[in-house]
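Worksheet: the structure to be examined is printed underneath.
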Amino acid sequence: MNAVQETLLDVRGLRIGFGGQTVVHGIDFHVKAGEKLALVGESGSGKTVSALSLLRLVPNADIQGQAHFQGRDLLRLSERELRGVRGDEVACIFQEPMTALNPLYTIGDQIAEILTLKKGLSAREAVRRVEELLASTGIPEPARRAQAFPHQLSGGQRQRAMIAMALASEPRLLIADEPTTALDASLRGQILDLLGELQQRLGMAVLLITHDLHLVRQFADRVAVMEKGHLVEQGGVTEVFEQPQHAYTRKLLGSRPQRHLPAHEPATEPPVVQARDLVVAYATPLPGVVGWFRRGRFEAVKQARFALAPGRTLGVVGESGSGKSTLALAALGLHPHEGHLQIMGRHWPQGRGGVAEARRLRQQVQVVFQDPFSSLSPRMTVEQIVGEGLSVHAPELDEDQRRERVVQALREVGLLPDLPREALSLWLQRYPHEFSGGQRQRLAIARALIVQPRVLVLDEPTSALDVTVQKQVIDLLLRLQRERGLSFLLITHDVDVIWAMAHEVMVMRAGEVVESGPAEQVLRTPGHPYTRQLLSACAPL
C-alpha cells in the first residue's frame, strides 16, 4: 500500500468530558501518513482538547472512544506505553514557546534531553545532533544559539527551537497547536514554509490546530471544522473553502475584516498627534572596562515623522522589534523621547515638574492593550476597573454619578444587558475571569472611553481574539470612532486589521519609517521592498 494512502491515525467516537459535562461530542476524523490535516474552530470549540487528549495530556478529562495509531489504540495504552509514544512517534509543538520551554535550561540541553532519552545518544552525539536540528530549522549560528536560554531568543527563534525539539525523535505524526499565532506575518510565513519543507522531507503527517483560515488555505491538505465540541464539516481545503456546506463554516469564512471606510480625503483640521524627528532611545551596557564609566545607546525609534488627524486612524505596521510599540509608549507619555511630539498641540512634559500637565494630557490619550486578561486586574470588579480613571480625572463625582458613568460606558460598548437595579449591582461586581476574551476586550475599551479621550492608542487590540470576535471588536471600534470623532493610533502586525480600520499607514522596520501614506495606496501599490515582503506573507486584500 502507498504510504500516502495509509491511515496513520483513525479517531472514532471521541468524547471528552470534565466533571460530568461533555465538551467534545463523539467526533470522527483520520489523518493519513504524510498528510496535513487542519482542525479549525474558535476558542472553546474543543479542537485543542481533542488533539491533546489523544496523548492523554489533558488532566482530569473523562475520555471515551477510539484513537488507533499504527494499529494501537492510544486511549487504551498504559501510562508507561504511552510515554514511549509521546515525543517519539507523536510529537507536539505548542502555541506559546515561552511557556512551553523551561526557562532554567538552555535550548541545547532541552533538545539533547530528548535525544538521550528517546534515541539513546551519548552526550557528545547529542550536542552534534542538536546543532544539526537547529540548523535545519534555519536558526543562525546554531552552536551559539544552543547555549542560549529561551528568553535570549526572539519569538521566531523560540518557535524554531520548539520545532527542532519536536523533530528530534523523527516522529510519524506532529501535532502543531496554533504554532504561528504569536508571530508576525512574515515569521508566520517562514514557519509555515519550514514546517511544509520538513514534513515533505521526513514524510511525517501533521495535525494542525488553528483558527487562522489563511494559514489553513496555505498549508493543509484537508480541513475539519469544529463548533462547540461538534465536528460540523470536513473535506479537502479547496472543496470546503469554495463550497462550505455548514452555516458555521460559512460564518468563519465570512469573518475576515472588510474595509468600509470612506474614500481618502485630505485632513482640514490640525492633527491631534504630531511628531517630527521623533527619537526614542534606551541605554545599553557596554562590554569591558568601558562599561563601568558610561552606557551605550540603542535607538528603538529613529527620526519618525507622522501626523494623526481628528476622527481618523493611523495604522503602524511592522514586525516584532520594529519599534512600533515603543512609538506607542512615547505617544502615551510613558517613555522619554527626543524631537518634537505634540498631543492636542501640547508637548509631553519631560520631568517631574509637569505632573499636572501630564495628567491633563493623559485624559486625552488612552490605551487599549493586546491581551485584556493580563491588562485587567483580576482583583478588581467590573465597576472598579471601568471607573478607575474617574477617580483621577473626575474626582468631583459622587458614588452614584460614578456608577452612572460606568453603566453608560459599558452600554456604549455593547456589554451591559438591561437589568433591574439589584441585578445590575450584582453584575457590576463580577471579575474579569468571568468573561470571554471578546467581552474582556470590550471592558478594556469601556475603561479607556470613560474619561472621554480624543485619542485611543490601540496596541494589537484584536490579535488575542478569534476571527469572529475580532470582527465584532473592529466593528465596535469603527462605530465608536464615527459617533465620538475618536482618533486611533493603531499598532499591529495584522495587515487585515490595518486594511479594515486605517485611513493612513506607516510601515516601520528596525526603528525607521520606511513607507507611509494613504492606506489604499500603501497596501495596494507598496513602494518599499520591505512593505511588499510584509504583504506577500498575507492573504490578498
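The values are calculated or read from the model by the stated rules, or taken from the named source; none is laboratory data. Nothing here was measured: the structure is a model prediction, and the numbers come from that model. All Cβ positions, glycine included, derive from the backbone under ideal geometry; neighbour counts span all protein chains shown. The protein model used for the area step is the full one, side chains on, heavy atoms only, and it has no ligands, DNA or RNA in it. Shrake-Rupley method; radii C 1.70, N 1.55, O 1.52, S 1.80 Å.
Listed by chain and number, the aspartates and glutamates whose alpha-carbon sits under 19 Å from that of LYS32, ignoring those within fewer than 8 places in the same chain, are GLU6, ASP10, ASP73, ASP88, GLU89, GLU170, ASP177, GLU197, ASP221, GLU233, GLU239.
Projected over every direction and averaged, the convex hull enclosing the alpha-carbon atoms of the chain yields 29.7 nm².
Given a 1.4 angstrom probe, I'd like the percentage of the accessible area of the chain that is carbon and sulfur, rounded to a whole number. After summing per-atom areas, the C and S share lands at 49 percent.
Here's the list of lysines a cross-link from LYS251 could span, going by alpha-carbon distance under 27 Å and ignoring same-chain residues fewer than 8 apart: LYS36, LYS47, LYS228, LYS471. Taking chymotrypsin sites (Phe, Trp or Tyr not before Pro) in DSSP loop conformation with at most 16 other Cβ atoms inside 10 Å as exposed sites, the chain has its longest uninterrupted site-free stretch at 294-541. Note that segment 1-101 presents 47 Å² accessible area per residue, ligands and nucleic acids not counted, probe 1.4 Å. Helix 155-167: angle to the longest alpha-carbon principal axis of the chain, degrees 0 to 90, nearest 10? The helix 155-167 is inclined about 10 degrees to the chain. Loop only by DSSP, 14 or fewer other Cβ within 10 Å of the Cβ. Give me the trypsin sites (Lys or Arg not before Pro) in segment 218-290 that pass, ordered by residue number. Taking segment 218-290 and a limit of 14 other Cβ atoms within 10 Å, the loop trypsin sites (Lys or Arg not before Pro) found are LYS228, ARG259. Calculated mean residue ellipticity, 222 nm, the chain: -11000 deg cm²/dmol, from DSSP H runs (n ≥ 4) at -39500 (n - 2.57) each, averaged per residue and rounded to 500. In the context of the full set of protein chains, residues of segment 400-476 present 43 Å² of accessible surface per residue (probe radius 1.4 Å, heavy atoms only).
With both partners inside the chain, how many of the DSSP beta bridges are antiparallel, as a percent to the nearest 5?
Values: 45 of 82 bridges.
Among the beta bridges of the chain, antiparallel pairing accounts for roughly 55 percent.
Classify segment 319-397 as rounded, prolate or oblate, taking a ≥ b ≥ c as the square roots of the eigenvalues of its Cα gyration tensor: rounded when a/c is under 1.5, otherwise prolate if a/b is larger than b/c and oblate if not. Judged from the Cα gyration tensor, segment 319-397 comes out oblate (a/c at least 1.5, b/c at or above a/b).
In the context of the full set of protein chains, segment 102-227 has a per residue accessible area of 41 Å² (1.4 Å probe). For segment 284-382, the set of trypsin sites (Lys or Arg not before Pro) satisfying both a DSSP loop assignment and a count of at most 13 other C-beta atoms within 10 Å is given as ARG294, ARG295, ARG379. The alpha-carbon of LYS324 sits under 22 angstrom from the alpha-carbons of these lysines, leaving out residues fewer than 8 places away in its chain: LYS302. Applying both filters, DSSP loop and at most 16 other Cβ atoms within 10 Å, to the trypsin sites (Lys or Arg not before Pro) of segment 394-436 gives ARG430. Estimated from the Cβ-Cβ distance and a Förster radius of 41 angstrom, the FRET efficiency linking SER391 and TRP292 is about 0.35. Based on the Stokes-Einstein relation at 10 °C and a viscosity of 1.306 mPa s, and on the Kirkwood radius from alpha carbon pairs, segment 83-143 is assigned a translational diffusion coefficient of 127 µm²/s.
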